[in-house]
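Here is the structure we will look at.
The values are calculated or read from the model by the stated rules, or taken from the named source; none is laboratory data. These numbers come from a predicted model, not from an experiment. Here the Cβ positions follow ideal geometry from the backbone for every residue, glycine too, while neighbour counts run over all protein chains shown.
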Amino acid sequence: MAWVLRQFERDDLDSVMEINRTCLPENYPDSFFLGLYYHAPKAFLVAVADSRVIGYIMCRIERGVSSYGRLPVKKGHIVSVAVVPEIRRQGVGSDLVKAAMNSMSTYGAAECFLEVRKSNEAAISTYETLAFEIKRVLKGYYRDGEDAYLMTRKLEPQPGAEAIVEEGY
Ligand SMILES: CC(C)(COP(=O)(O)OP(=O)(O)OC[C@H]1O[C@@H](n2cnc3c(N)ncnc32)[C@H](O)[C@@H]1OP(=O)(O)O)[C@@H](O)C(=O)NCCC(=O)NCCS
């Protein structure tokens, strides 16, 4: 299976929302997806094969205390990522995460993080192959009461990183 990664476009919205609904219990209104797109367009990516969207990743750039010290830093938050079930284990998910990490660092993020259900072995394995580490357990993080792992990773610094509109996030 051959695929390409490209930035999300508004016409991808229905496909992305459908993949999100099919693959994850955490679903959102269209305004949430579009808000992330306007916020950090280079870090909202889709994977496309035969003109079909087969996966997506969307991220937010935030300021907060570093997971690797006590200083404030810009951090990339992987908000949601998913690949259609029939095309998993072929490298699409890790390609999306790698490309999003690169984009987040162009926005000036020094590190990135995500939350993942403790039971989501596929996702945890994917992140571990990309050098994410489990930083801590977020007790009862999900609506159904399941705990999350907070997983983090440092990013490669990018000279001349772009500014980003952060209001509203
Ligand atoms: C997580 C997800 C995006 C991974 O996508 P993917 O395209 O299957 O991932 P990759 O093919 O890039 O996998 C990379 C590596 O991660 C590990 N991995 C991925 N899925 C795995 C699984 N089901 N079991 C064990 N290891 C797994 C493997 O080491 C794999 O490499 P390999 O296939 O060469 O052994 C996909 O499983 C998915 O969409 N899950 C549902 C949505 C979801 O849970 N999103 C994450 C929310 S935090």
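Please tell me if Tyr141 is farther than 19 Å from Gly55 by Cα and among the aromatic types (Phe, Trp, Tyr).
Spelling it out, Tyr141 is indeed farther than 19 Å from Gly55 by Cα and among the aromatic types (Phe, Trp, Tyr).
Would a scan of the stretch 118-133 turn up a residue that is within 15 Å of the ligand (Cβ to nearest atom), among the aromatic types (Phe, Trp, Tyr), surrounded by 16 or more Cβ atoms within 10 Å (Cβ to Cβ) and in a loop (DSSP other than H, G, I, E, B)?
yes
What pairs can you find where one residue is in the stretch 103-121 and touching a residue at least 40 places away in the same chain (Cβ under 8 Å), the other is outside any strand (DSSP E or B) and of a type in the set (Phe, Trp, Tyr), and their Cβ atoms are less than 8 Å apart, with a gap of 6+ or different chains?
If the second residue must be outside any strand (DSSP E or B) and of a type in the set (Phe, Trp, Tyr), the pairs left are Glu111/Tyr68.
Go through the stretch 134-158 and count every residue that is part of a strand (DSSP E or B) and either charged (D, E, K, R) or more than 14 Å from the chain's Cα centre (by Cα) (or both).
Residues in the stretch 134-158 being part of a strand (DSSP E or B) and either charged (D, E, K, R) or more than 14 Å from the chain's Cα centre (by Cα) (or both): 9 in total.
Just need a number here: residues in the stretch 9-37 that are surrounded by fewer than 19 Cβ atoms within 10 Å (Cβ to Cβ), in contact (Cβ under 8 Å) with a residue 60 or more places away in the chain and either hydrophobic (A, V, I, L, M, F, W, C) or away from the ligand (no atom under 16 Å from the Cβ) (or both).
2
Which residue out of Ala99, Ala161 is more than 8 Å from the ligand (Cβ to nearest atom) and either at pLDDT 95 or above or not in a loop (DSSP other than H, G, I, E, B) (or both)?
Ala99
Only one of Val83, Val79 is in contact with a strand residue (DSSP E or B) (Cβ under 6 Å, 6 or more places away or on another chain) and within 8 Å of the ligand (Cβ to nearest atom). Can you tell me which?
Matching residue, one of Val83, Val79: Val83.
Within the bounds of the stretch 73-88, is there any residue that is under 18 Å from Glu121 (Cβ atoms), surrounded by 19 or more Cβ atoms within 10 Å (Cβ to Cβ), free of Cβ contacts under 8 Å to residues at least 60 places away in the same chain and out of contact with any Phe, Trp or Tyr (no Cβ under 9 Å at 6 or more places or on another chain)?
Looking for residues that are under 18 Å from Glu121 (Cβ atoms), surrounded by 19 or more Cβ atoms within 10 Å (Cβ to Cβ), free of Cβ contacts under 8 Å to residues at least 60 places away in the same chain and out of contact with any Phe, Trp or Tyr (no Cβ under 9 Å at 6 or more places or on another chain), one finds none in the stretch 73-88, hence no.
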